[in-house]
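For reference, the structure discussed in these notes is given below.
The values are calculated or read from the model by the stated rules, or taken from the named source; none is laboratory data. Remember, it's a predicted structure, so these values are computed and weren't measured experimentally. A quick note on method: Cβ atoms are made from the backbone with ideal geometry, for glycine too, and the neighbour counts reach across all protein chains shown.
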Amino acid sequence: MEPAAQWVEYLAWHTAAGYSLVGESDWALTWLDRAASLGLLNYPFLMTDPLLARIRGEAGFTQLAERVKRAWEAFEV
């Protein structure tokens, strides 16, 4: 799945969730960053997805969440 996750935001998100579940924080954050870079910028979901609970306390997660929040708030239809 990882080759496809390089190019599809929701696959990158799910890959991040899988790594989070098994305690692989660095990989989870790498894939979460990839998902955000591909356009998955749903800040409320990022902050409530129970599959990401293990990595929410990580410094890298906080930085990513701040970046996603800014993009979420700036989004206009």
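Residues of the range 8-25 that are under 16 Å from Thr48 (Cβ atoms) and touching a Phe, Trp or Tyr at 6+ places or on another chain (Cβ under 7 Å): Ala16 alone. Selection within the range 1-40: residues that are among the charged types (D, E, K, R) and surrounded by 18 or more Cβ atoms within 10 Å (Cβ to Cβ). The member of this set that is farthest from the chain's Cα centre (by Cα) is Arg34. Reported count of residues in the range 43-57, each being at pLDDT below 95 and either surrounded by 15 or more Cβ atoms within 10 Å (Cβ to Cβ) or farther than 19 Å from Thr30 by Cβ (or both), is 0.
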